[in-house]
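Worksheet: one structure, shown below.
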Amino acid sequence: MAVPVSAPWWYPFGAPEGVSVVRVELEPNADREADALTLLDDEELVRWERYPYAGPRRQFLLCRGALRTVLGEALGCRNEQLAFPTTEDGKPWATVDGTAAAISFSVSHSGPHGLIAFAPEGRLGVDVEELAPRRNLDLLMDGVLGEAEKADVASNEGERRLRSFFRLWTMKEALLKAHGKGLLIDATTFEIPRAVRRGAARGRLQLPQLPGVTLQVEDLGTEGFAAALAREVPGARP
Amino acid sequence: MATTEERLRKIVDDNLEIEGRTKGDALDLDRNIGDAGVPSPDIVAFWKLVNEEFGVDISAEQFAELLTPRDLVAHLDAA
């Protein structure tokens, strides 16, 4: 039912336990950007024009175009039936003809990398970060990691340190997005479980800001980028 | 004495990596840093640096309402 595009710039990236993840390519590409522009609604076009720099503008355009097509297919609706209002905290949700759609989704982009995760229900968060060298890595560590997390990251050097930091940060941001408040929560108020910090691919925890809700966090990183998925596990114990 | 805007620009120049922005560029007072492509951990670091530099205790939720330099300057000057 979705509007066809000449060639999709997204493809399946995995389906961990009922969650579909799509990777979105965000390199400059005039044909893809032209296709994506035809998919956006008026509000999204205003938002697209507001971005001051070409990179963020392109990231938004190509991710939103992919999101519209992917969710349109999943929900069996036409592109023009879809809209994306946001909660008071800025988290987008999907409607079809003005009615809340039965789907959870999360979108993230960084540099040329984009990810979209979606599932039939439950809290969901995805995050991706480009593994570009950072001159301010110590500052970032102080800003977003707990003490044990900082010690683990600091035990690495060079590229391993950068990779270790972004592995933890993507997990933390995915959890914050699954919560719904995102960066409105201080990320230093919780830590990734020790086993996951030391290399386990996934683990479970409860956020102090969301007692009684168990979230599973999973490493989706590759050689080229750090990424993580967080999702609610109904009825589970951490 | 440096103005609040000048002090904010120095924090940005010294610490943030914003795609398309050159160190020393004037701050666009009405531009939301979330729209400028500032990576998420840098936004968090910026919030903490502002609190440290100005000796204030802006919460994460308050900071989310102060994402243009103009709003942030007004808040800091009124503190």
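The values are calculated or read from the model by the stated rules, or taken from the named source; none is laboratory data. Everything numeric in this text was worked out from a predicted model, so none of it was measured. Neighbour counts are summed over all protein chains in view; Cβ atoms, including those assigned to glycine, are modelled from backbone coordinates with ideal geometry.
In summary, A:Asp127 fulfils each of the numbered conditions (1) away from every other protein chain (no Cβ under 14 Å); (2) in a strand (DSSP E or B) with the single exception of condition (1). Anything in segment B:34-74 that is part of a loop (DSSP other than H, G, I, E, B), facing another protein chain (nearest Cβ under 8 Å) and either touching a residue at least 24 places away in the same chain (Cβ under 8 Å) or in contact with a helix residue (DSSP H, G or I) (Cβ under 8 Å, 6 or more places away or on another chain) (or both)? List them, or say none. Answer for segment B:34-74, where residues must be part of a loop (DSSP other than H, G, I, E, B), facing another protein chain (nearest Cβ under 8 Å) and either touching a residue at least 24 places away in the same chain (Cβ under 8 Å) or in contact with a helix residue (DSSP H, G or I) (Cβ under 8 Å, 6 or more places away or on another chain) (or both): B:Asp35, B:Ala36, B:Gly37, B:Ala64.
Checking each residue in segment A:199-219 for being among the aliphatic types (A, V, I, L, M) and either within 22 Å of B:Val44 (Cα to Cα) or not in a loop (DSSP other than H, G, I, E, B) (or both) picks out A:Leu205, A:Leu207, A:Leu210, A:Leu215, A:Val217.
If you take just the strands (runs of 3 or more DSSP E) that sit entirely in segment A:1-117, which of them hold at least 2 residues that are in contact with a strand residue (DSSP E or B) (Cβ under 7 Å, 6 or more places away or on another chain) and more than 22 Å from B:Pro41 (Cα to Cα)?
A:10-14, A:20-25
Any idea how many residues of segment A:160-198 are touching a residue at least 12 places away in the same chain (Cβ under 8 Å) and either assigned to a helix (DSSP H, G or I) or touching a Phe, Trp or Tyr at 6+ places or on another chain (Cβ under 9 Å) (or both)? Number satisfying all stated conditions: 27.
Okay, residues lined up against (1) surrounded by fewer than 23 Cβ atoms within 10 Å (Cβ to Cβ); (2) in contact (Cβ under 8 Å) with a residue 40 or more places away in the chain; (3) not assigned by TED's automatic domain parsing to the domain that holds A:Arg167:
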{"residue": "A:Leu62", "(1), (2), (3)": "no, yes, yes"}
{"residue": "A:Arg68", "(1), (2), (3)": "no, yes, yes"}
{"residue": "A:Glu80", "(1), (2), (3)": "yes, no, yes"}
{"residue": "A:Asp89", "(1), (2), (3)": "yes, yes, yes"}
{"residue": "A:Thr95", "(1), (2), (3)": "yes, no, yes"}
{"residue": "A:Thr99", "(1), (2), (3)": "yes, no, yes"}
{"residue": "A:Ile103", "(1), (2), (3)": "yes, no, yes"}
{"residue": "A:Ser110", "(1), (2), (3)": "no, yes, yes"}
{"residue": "A:Leu137", "(1), (2), (3)": "yes, no, no"}
